[in-house]
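Quick note: the coordinates plus some simple rules give every number you see, no bench work behind them. Keep in mind that this is a model prediction, so the values were computed, not measured. Note: ideal-geometry Cβ built from the backbone for every residue, glycine included; neighbour counts use all protein chains shown.
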């Protein structure tokens with residue numbers, strides 16, 4: 001795994017009296033697949049939205065080389081779960097818009113379209129796609145963006161077993177070429193099979209960060225089963 005790409009320090013977010021995130025701190029390394037894991041309501045989507053600037057945080061900062069980053073749009077791109085952007089536009093339009101307007105990776109268009117199996121829905125409006133089809137189209141948009149770090153909320157949601165395996169292989173190939181992937185994954189088993197390191201989030205707080213081996217040592221667990229380690233630390 002590469003050197004530290006950026007660091008999050010003391011990120012906090014509240015909604016009235018509800019404290020959604022409290023002093024969240026961790027590191028993201030260049031070229032890694034980092035898994036954000038935690039139960040429903042842990043604050044995973046809120047954390048991604050704060051990092052991406054969709055939501056304002058109440059405190060904390062993102063640092064690159066020790067310096068705060070005010071504008072993260074050149075560093076991070078966020079792919080939310082369960083949305084249908086540009087619902088009247090076809091898949092082809094969305095990918096070409098990503099390349100043309102967002103300065104995306106035109107050289108990867110054919111590769112990404114093949115990896116996400118989009119050719120058969122190329123001219124279908126995004127609003128008419130099934131959940132799995134829409135997920136594949138959104139992942140393609142994310143993979144074509146120019147930012148070095150891609151935040152993806154639930155990358156395997158809505159996919160069948162074969163699709164999930166194929167897309168995991170595709171995402172890993174992009175990471176191997178230097179793209180940093182930060183993935184929020186609800187199913188701990190999926191995260192354990194796919195990610196290099198993990199940030200464990202529960203009740204809006206980071207309970208651990210590291211590889212499975214590092215987290216097991218932190219939890220004083222002889223087992224290196226990620227589910228057991230997570231339960232021990234949370």
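Per-structure values
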read-out	value
Sites residue 86 and residue 220, calculated FRET efficiency, Cβ-Cβ separation with R0 41 Å, nearest 0.05	0.25
Separation in nanometres of the label points that stand 7 Å from Cα toward Cβ, at residue 162 and residue 7	4.7
Span from the region 213-233 Cα centroid across to the region 104-161 one, whole angstrom	34
Calculated P(r) tail over 15 Å for region 87-146, as whole % of Cα pairs	38
Rg ratio (alpha-carbon, reference 2.2 N^0.38 Å) - region 1-136	1.23
Sites residue 211 and residue 232, calculated FRET efficiency, Cβ-Cβ separation with R0 22 Å, nearest 0.05	0.90
Potential lengthening between residue 40 and residue 110 on full extension [0.36 nm per residue; Cα-Cα distance subtracted]	21.6 nm
